[in-house]
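Contents: one structure, followed by commentary.
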Amino acid sequence: MAYTTITRLIFLILWGFLMVTMWFFGRFSPVEQFKEQQIRINEVLEFPWDASPLPVTGYEKEIIQDLKLDAPLFSRDIRPWRSFDGLFAFRGAQEDEQNERMKQALEFMDDFKDFAGQTQERAQLFSKARKLIKSCYSQDRDSWVVAYNLGVCYLWNGERRGALDYLKDAEGILSRQEENWRNQQSNSAHSDAFWEAWILTQYALGEASFSDKDTRENGLVHYRQAVQSIFNLANEFARTIDDPYGHVTNGFMFFQLSQSEVNTVSLWSDLVAAYMTFVDYHWAEEEKTPLKPEEAPRCEYAFDKQLKIKLNYRDRIFCKSLHRTQDPFKSSFVRLFEQFYTGDSYDQEYLLWALSNLIDIRVDNPDIEQYPLIMYNAAQIQLRLGEFIQASDMIMNAYESPFFFELAEQENTMLLILNEENVSDKIKKLAIVAGILVGEKPDKRFCPPSNRPSSTFRKKFDQLYGEDMDIFPAVGACFKNPNDEREVDKWLFIQLWRRYLNRGDFTGFETEYQKAGGSVSMGFFQNWRRDTFQNIGLRAHQKYLTYLDREDEDTALLIRRFVLRSGLFDQETQALFKVELGDRFFASLPWLLRGGLVVFALLLLVIWHPIHRSARRSFLGMHRVSRLKGSRKKHTLSKSGSVSSGVS
């Protein structure tokens, strides 16, 4: 009885010690330690991040690509020449007949441009217009008006190769006439007409050449020459107030060409779009290898008349843009400029050229937000560089522009002819998606209510959180393809999780993430989570190095423990902190002890009964032996006593 009491008491003491030990290590486990130190961690890592969203993971860009919203928009404002007097007047006995034929051809062109797609009526109108212009061309091959309008006619019909031949002919005619024109420089009307004709020819050549990969670089050169010629038109003469271009101070300003009524914003916008499309573009053919830091230009040379020759054309342009840059492009351009000249972003030279042009025209056109196409392209650049807030603001400016509603009512001629997607719809879609990526709700004006069934992700989200969860409404009415809406609705979960992550609530994030794990396919979200925490880990690593440099080892150690023990970061991220083998062991020691104690407790329960029985048997056996020895001794003593009494 005493033995049983003692063994039970020992067992209870051991079990109590085990429970206290497990509580101790559980109380001070990495998760519990992190909960207690979360406020300090948030301070060190500068949470909340509400002002600046989580680092870019790449999925924001991918959804733009998946929805086919990443292609820049060309205005393609190619127009015929309608004036047949002055410098480009017809000459000779058939002047009146030529004028009549050309005017009739332009009427046919105006009619067939209103037909979208290849229809029989449009084909007939095109055939009539082409026949009339070709009859003029056969009689006067030195007329720029005839060659140019014939090229535009082919271009409007989507026949770029046919257009290219006649447009090159028009370019040659202007080049031959330039010498004669220079002998009449006192005639400002002739000067304006020549430069406007040159601008339109180069612009049309750019459109005809750029779509073909074999002639894409030539197309970009033509776009650039068209823009550069704007400066010749703006600066050719000392202008007066009565002059058509008297209000133009430099070529960066947007203004309307007097003869064709083409606005120069179309030329600038299409040049930016061309750079954005030409992703493998490099200005110098021999410089298609990354630069070294010591090769970065000295930008002060760009502003010195004598020293600027030490810089090539590209470096002079980029340095001047760096000097002129201002919001909303400043942070993007400065960062990309530095990365480019250190070789880190050498394959993004095309974006530097696009940004450089945007910066130049932004300075002289404070109303640039009114032009939807150029704002759309600017937003696309910001999206590619991960500047989602700026991109969202820009695309909203494009949507709210008064020119947007004009664009929605009547699409550009070339856009209709080439059967491209409705531009106003693309602007709406990008505005919706860009807003969702930065955590904003889409404007109700974008998407009316739809009767389409909800996507799988929206159904699961509503089941988990109810329809009252304030994230963003269904946007299916703006997307013809249900799969597009499904892609967008993935961000219901991501926006919710970002709310926790932005304020550093990792415990709340893990709870909600695990809750979704049993409801939806997690493949996409697992990749998103991994890459998101890799980027958070990079930010933590930067802070870690900063505190080491300041010799603040306690704070650096706090960050290190957070990354190593929170269970949020993968091995690749943990390796950034140069963790040695011993550090890894001690960092995980509490978990080893806790697991070991649990195993020990289970083993103790399993083997307790056999040990107890064995010990009891041993105890009883020893007790019997002891009693037997005692009885024998007593018997011996009693026997010896009897002998003694008999003897006496």
- Item | Label-reachable residues, segment 497-538, where backbone N falls under 17 Å from a point 7 Å from Asp570's Cα toward its Cβ | 522-538
- Could you work out the local net charge near Trp528, counting Lys and Arg as +1, Asp and Glu as -1, over the other residues with Cβ closer than 13 Å to its Cβ? +1
- Arg40 versus Lys459: modelled label distance in nm, points set 7 Å from Cα along the beta carbon direction: 4.9
- Quick one: length gained pulling Glu100 to Arg335 fully straight, 0.36 nm per residue minus the C-alpha distance? 78.9 nm
- Query: Arranged from highest to lowest average of other beta-carbon atoms within 10 Å per residue, in what order do the peptides 209-216, 527-534 appear?
  - Reply: 527-534, 209-216
- Query: Got a number for the accessible area of Glu43? Probe 1.4 Å, square angstrom, nearest 10.
  - Reply: 110
- Placing each pseudo-label 7 Å from Cα in the direction of the beta carbon, Ala284 and Met522 end up separated by a distance in nanometres of 5.2
- Note on the structure: 1/(1 + (r/R0)^6) with r = Cβ-Cβ of Arg530 and Val438, R0 = 30 Å, i.e. FRET efficiency to nearest 0.05, evaluates to 0.85
- Message: 7 Å from Cα along Cα→Cβ at both Asn312 and Asp212: what's the point-to-point distance in nm?
- Response: 2.8
- Can you tell me the FRET efficiency between Ala123 and Thr342 if r is taken as the Cβ-Cβ distance and R0 is 60 Å, rounded to the nearest 0.05? 0.65
- Query: Given a Förster radius of 60 Å and the C-beta distance between Glu178 and Asn451 as r, what FRET efficiency does 1/(1 + (r/R0)^6) yield to the nearest 0.05?
  - Reply: 0.45
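The values are calculated or read from the model by the stated rules, or taken from the named source; none is laboratory data. Just so you know, these numbers come straight off a predicted model, no measurement behind them. Cβ atoms come from the backbone with ideal geometry, glycine included; neighbour counts cover every protein chain shown. Only protein heavy atoms, including side chains, enter the accessible area calculation; ligands, DNA and RNA are left aside. Shrake-Rupley method; radii C 1.70, N 1.55, O 1.52, S 1.80 Å.
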